[in-house]
Structure formats: structure tokens, C-alpha cells
1. Only one of these is without any contact (Cβ under 8 Å) to a residue 12 or more places away in the chain, of a type outside the set (Gly, Ala, Ser), within 22 Å of residue 24 (Cα to Cα) and surrounded by fewer than 21 Cβ atoms within 10 Å (Cβ to Cβ): 61, 67. Name it.
2. Just to be sure, is residue 38 farther than 30 Å from residue 22 by Cβ and either touching an Asp or Glu at 6+ places or on another chain (Cβ under 6 Å) or hydroxyl-bearing (Ser, Thr, Tyr) (or both)?
3. Any residue that is buried (at least 21 other Cβ atoms within 10 Å of the Cβ), assigned to a helix (DSSP H, G or I) and of a type in the set (Ser, Thr, Tyr) - is there at least one of those in the stretch 109-118?
4. So is residue 73 assigned to a loop (DSSP other than H, G, I, E, B) and either touching a residue at least 24 places away in the same chain (Cβ under 8 Å) or open to solvent by less than 30 Å² (accessible area, probe 1.4 Å) (or both) or not?
5. Residues 56, 7: which one is assigned to a helix (DSSP H, G or I), crowded, with 20+ Cβ neighbours inside 10 Å and modelled with pLDDT under 90?
6. Taking the stretch 91-108 as the search range and keeping residues that are under 18 Å from residue 54 (Cβ atoms) and out of contact with any helix residue (DSSP H, G or I) (no Cβ under 6 Å at 6 or more places or on another chain), which one is most open to solvent (accessible area, probe 1.4 Å)?
7. For the structure I just gave you, tell me whether residue 87 is within 17 Å of residue 45 (Cα to Cα) and surrounded by fewer than 16 Cβ atoms within 10 Å (Cβ to Cβ).
8. Would you mind stating whether residue 41 is in contact with a helix residue (DSSP H, G or I) (Cβ under 6 Å, 6 or more places away or on another chain), at pLDDT 90 or above and open to solvent by 80 Å² or more (accessible area, probe 1.4 Å)?
Amino acid sequence: SIKVVYQEQQFHQKAISYFMKALKLFKKGGDKKMLAATSFKIGMNYYQTYDHDKAQSFYVKAVKIQKEFYGDYHPEVADMMYNIGVVQLDIGGVNEALDKFMAAFLIRCLVFGNIRTNVIEVLHRIALIHDLKNEERNLF
């Protein structure tokens, strides 16, 4: 019902407000790990409110911070790239999503090998995108 949707939106907005306060404190304190995690949480809440542009913005900030903290090839960075790919796919950025999924796949393969569930999950998303592109090509 509309009431439930409204209540969910209110909860996410309240969460965003508190996470933004925490973000300022983590910036001030220089805690990069928590800065990245909080940016990610803000992005997730914006994603839940269907504000994909803001979600993407916070995901990108989180990736940048994570790369500074962990380096380029860390599972946390892969997870963030995957999440950005999901948002890109939701807003119609198929090529951008593919780029993010490929980056997540590369990192996860390097870290875990190629038989872990989280590696296969990304490979499945990549396959779905190629299938989608093939369907689009066949329409014309």
C-alpha cells in the first residue's frame, strides 16, 4: 500500500540523515574505512528510495576511498564495483554496468579464484548483460 511505501521512504530518509552526520565525523577523524562503509550505506539507502543518481554518487565515493585504503584489488572494492553495476543496470546504463561487473569479476577471480559463489554471481550478471545486448541487437 501507499502507506507502507511512504513509511519505508521515511525510514530511509531518517537513516540517510544519521549516516550523513556520521560521515562528517568520520571525515573529521580521518577514519577511511568507516568513511567508505558509511558512504556505501548512504548509497544503499538512496538506492532503496529510487534515487539512483545519489546512490551512484555515494558508491563512487566509497570506491575511491576503499581503493586508497585497501588498494585496487581488494574484495571490498569488488563488492562496491558490483553494487555500482547493479545501479547502472537499473538506470539503463548497460555498458557502464558491464564495465563495473567486469572489474568486480577480475578482482574476485584474482582474490578468490574462479569457483567461489561470489565470482560466479558476477559472471552470471555479465552473461545476462550479453544476453540483453543480443536481444537488443535482434530487435533491429
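1. None of the other options fit; the residue is 67.
2. Values: farther than 30 Å from residue 22 by Cβ: no; either touching an Asp or Glu at 6+ places or on another chain (Cβ under 6 Å) or hydroxyl-bearing (Ser, Thr, Tyr) (or both): yes.
So residue 38 fails the test.
3. We begin by selecting, within the stretch 109-118, every residue buried (at least 21 other Cβ atoms within 10 Å of the Cβ); these are none.
The answer is no, given that none of the residues of the stretch 109-118 is buried (at least 21 other Cβ atoms within 10 Å of the Cβ), assigned to a helix (DSSP H, G or I) and of a type in the set (Ser, Thr, Tyr).
4. Yes; evaluated as a whole, the condition is true for this residue.
5. After ruling out the rest, the residue left standing is 56.
6. Start the filter on the stretch 91-108 by keeping residues that are under 18 Å from residue 54 (Cβ atoms), which leaves 91-93, 96-97, 100.
Now drop any that are not out of contact with any helix residue (DSSP H, G or I) (no Cβ under 6 Å at 6 or more places or on another chain), which leaves 92-93.
Values: 92: 55, 93: 9 Å².
Ranking the candidates gives 92 first.
7. No.
8. Numbers: in contact with a helix residue (DSSP H, G or I) (Cβ under 6 Å, 6 or more places away or on another chain): yes; at pLDDT 90 or above: yes; open to solvent by 80 Å² or more (accessible area, probe 1.4 Å): yes.
Judged against the criteria, residue 41 is a match.
The values are calculated or read from the model by the stated rules, or taken from the named source; none is laboratory data. It should be emphasised that the depicted structure is a prediction, and the values quoted were computed from it without experimental measurement. Note: ideal-geometry Cβ built from the backbone for every residue, glycine included; neighbour counts use all protein chains shown. Surface accessibility is based on the protein's heavy atoms, side chains included, excluding ligands, DNA and RNA. Shrake-Rupley method; radii C 1.70, N 1.55, O 1.52, S 1.80 Å.
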